[in-house]
Amino acid sequence: MLRNVVMAQTPTVALAVAADPAAGLAPLPEGGLRPPGAGGDLVLANSGIVVRLVPNAASEGRAALVLLANDEPMALTPARAGSGRVLAGALHGRRGERPWSLAWGRLSAGELSVCAEFVGEAQGGHPRTVLATRLGSDFWLAETAGDYRGVTVTTADSRLYSELWPVPRAPRVV
């Protein structure tokens, strides 16, 4: 089962060991509601976004990565056999007065690590490099405090850049 480590006022992503989606969610507590961070969810330290791996029957039983804000889906990234987009999405926003930046994507077969360098901080801060958290066997995610405008993602086989987009109002599939 997933162990959540949610850190307050920390400049890097919350660390986690992601659960296997095939194991299913923990039973619902009395009242039928599962609070964010329970039963296999990961709550990110800076943004408060809930990250969930869910089974995806359309993808040969491989997982899909779902990002939720205020119980509403904001992004869905299905796993893809073979090559997929290493960098699936990059967002920035605010949680109260605290700005945050986030990038996520798919792991290529045999990929062991992903490094994300957030650049172009709006207040003139320095770039920040984050070793991404691996989520299951198919995904990675990196979050940091700060209002960055871009991210460069580096793996053993590739180096990609993307602008960070404001938090969407409608869900999107990437």
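The values are calculated or read from the model by the stated rules, or taken from the named source; none is laboratory data. Computed from a predicted structure; not experimentally measured. Neighbour counts run over all protein chains shown; Cβ positions are idealised from the backbone, glycine included. SASA here: full protein model, heavy atoms, side chains in, ligands and nucleic acids out. Shrake-Rupley method; radii C 1.70, N 1.55, O 1.52, S 1.80 Å.
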Residues that are farther than 18 Å from residue 165 by Cβ and part of a strand (DSSP E or B), drawn from segment 66-94: 78
Across segment 95-133, what is the total count of residues that are in a strand (DSSP E or B) and either closer than 17 Å to residue 158 by Cα or touching a His at 6+ places or on another chain (Cβ under 6 Å) (or both)? 12
Residues 136, 96, 124, 110: which one is without any contact (Cβ under 8 Å) to a residue 12 or more places away in the chain, within 26 Å of residue 41 (Cβ to Cβ) and surrounded by fewer than 23 Cβ atoms within 10 Å (Cβ to Cβ)? 96
Sole miss for residue 58 among (1) free of Cβ contacts under 8 Å to residues at least 40 places away in the same chain; (2) open to solvent by less than 60 Å² (accessible area, probe 1.4 Å); (3) over 15 Å from the mean Cα position of the chain (by Cα) is condition (2)
Taking segment 107-149 only, how many residues are among the charged types (D, E, K, R) and more than 21 Å from residue 166 (Cα to Cα)? 3
